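In what follows, a structure is listed as structure tokens, so that the remarks can point back to it.
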Amino acid sequence: MSENIVRLMEENLLAVFNERDPQRRLTVVRRNYAPDVRWSDPEGTVIGQDRLHERAQELLDGPLSGLTFTQSGPVYQTANLGLLAFDVVPLDRAAGAGSSEPLISGYDVAIVENDVIAQLFTVITTGPIPR
């Protein structure tokens, strides 16, 4: 198993889409994604590091405000493809308060080329699609 793919998938979830500080997030984006990365989610596709970073901020400021991602299993991989399941829960539940079901569940799939994420796909399996 490639430790790089595990790191990329976990940082994609926790250090990019869960990171509220824009500068810390941008540092990880620059390190972990191809300059022309393509990210597709239920809302559409964005291309490039800057658009991925901007879209993450839009989600965190909008429909994901007050919510947090949690990893809901290990990173699975084959060849240069990684998959990581996630749940979205209120921030207070991530700290251990409450025990109800996640508001949103899904998984991220990434194609890794030259040790960075070249393509990223987010699939929502349960709950509302963030808008």
### Quarter of Cα convex hull surface for the chain, i.e. mean projection, nm²
7.4
### At most 16 other Cβ within 10 Å, DSSP loop - GluC sites (Glu not before Pro), the range 32-88
Glu43
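Taken together, the values in this text are just the output of simple stated rules run on the coordinates, not laboratory data. A quick note: this is a predicted structure, and the numbers were derived from the prediction, not measured. Every residue, glycine among them, receives a Cβ derived from its backbone with ideal geometry; neighbour counts consider all protein chains shown.
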